[in-house]
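Asks: This is the structure I have questions about; it appears just below.
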Amino acid sequence: IEQQLGRRGHISLAAFRRDVRDLIQWQEDQNFVWSPQNVGRARIWGSEAEFSYLLIEGVSVGGTYTYLLPRNLTSGGIVANKARNQLSGSLDLGPWMQTRLHLDGRYVDFYHQPSRTDNGYAVFDAALTRTFSVGDWSDLELTLAVRNLLNRKYQVNPGYPMPPLTWELGLSAYS
């Protein structure tokens, strides 16, 4: 279901079910070695809500929420290493003087597992982008981004830490 909010935004809702045979998931053994395991049969139910809205010229917000219920039909339990809740939000400012600022954050909540020391995490990122015209034939876009802005220690898969605060510099060319 999707609904436009005038010319300023939209909201959408979705529900889904996915039946899977021979689902492969990575699992850790007693020696902390990860290997692929066949789940057999799984059914993943979920729902998602999304919105975006232009508050005023040059300022927009957006967000998504996803809920998953990943059932292992072979064992009757939950499929390991799947998130239960995911929430994300963003704020976009610009363009002003050909420059845009994008801020975003995400929160992920996993189903409880004995191998997890932390069942959820929140991470924030920022990116500043400036467009430059090069003659009549192309534009360059220079981006400076900071990932994991608050230098959060977190793990998507237990035992494998994600990168700390990271700076990225990118250059894109368009003709």
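The values are calculated or read from the model by the stated rules, or taken from the named source; none is laboratory data. It should be emphasised that the depicted structure is a prediction, and the values quoted were computed from it without experimental measurement. So basically every Cβ, Gly included, is an ideal-geometry build from the backbone, and we count neighbours across all protein chains shown. What goes into the accessible areas is simple: the full protein's heavy atoms, side chains included, and nothing from ligands, DNA or RNA. Shrake-Rupley method; radii C 1.70, N 1.55, O 1.52, S 1.80 Å.
Asks: Given the structure, is residue 108 among the β-branched types (Val, Ile, Thr), touching a Gly at 6+ places or on another chain (Cβ under 7 Å) and closer than 16 Å to residue 87 by Cα?
Replies: The answer is yes for residue 108.
Asks: Shifting gears a bit: Are there any pairs, at least 6 apart or on different chains, whose C-beta atoms fall under 6 Å, with the first in region 90-105 and closer than 15 Å to residue 124 by Cβ and open to solvent by 60 Å² or more (accessible area, probe 1.4 Å) and the second at pLDDT below 95 and part of a strand (DSSP E or B), and if so, which?
Replies: none
Asks: Which ones in region 77-89 are open to solvent by 50 Å² or more (accessible area, probe 1.4 Å) and either under 18 Å from the mean Cα position of the chain (by Cα) or within 30 Å of residue 133 (Cα to Cα) (or both)?
Replies: Answer for region 77-89, where residues must be open to solvent by 50 Å² or more (accessible area, probe 1.4 Å) and either under 18 Å from the mean Cα position of the chain (by Cα) or within 30 Å of residue 133 (Cα to Cα) (or both): 82, 84, 86, 87.
Asks: Do you know which of the residues in region 32-46 that are closer than 30 Å to residue 13 by Cα and of a type in the set (Val, Ile, Thr) is surrounded by the most Cβ atoms within 10 Å (Cβ to Cβ)?
Replies: 39
Asks: Does region 78-90 hold any residues that are assigned to a strand (DSSP E or B) and out of contact with any Asp or Glu (no Cβ under 9 Å at 6 or more places or on another chain), and which are they?
Replies: Selection gives 78 alone.
Yes or no, residue by residue, for (1) crowded, with 16+ Cβ neighbours inside 10 Å; (2) farther than 30 Å from residue 9 by Cβ; (3) touching a strand residue (DSSP E or B) at 6+ places or on another chain (Cβ under 6 Å); (4) of a type outside the set (A, V, I, L, M, F, W, C):
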residue	(1), (2), (3), (4)
30	no, yes, no, yes
63	yes, no, yes, yes
75	no, yes, no, yes
117	no, yes, no, yes
125	yes, no, yes, yes
132	no, no, yes, no
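Asks: May I pose another question? If a residue counts only when it is modelled with pLDDT of 90 or more, which strands (runs of 3 or more DSSP E) contained entirely in region 9-77 have at least 1 such residues?
Replies: 9-21, 41-56, 59-72
Asks: Can you give me the number of residues within region 15-28 that are surrounded by 10 or more Cβ atoms within 10 Å (Cβ to Cβ), under 14 Å from residue 44 (Cβ atoms) and of a type in the set (D, E, K, R)?
Replies: The qualifying residues number 3.
Asks: Okay, moving on. For region 89-105, give me each residue that is small (Gly, Ala, Ser) and touching a Lys or Arg at 6+ places or on another chain (Cβ under 9 Å).
Replies: 89, 94
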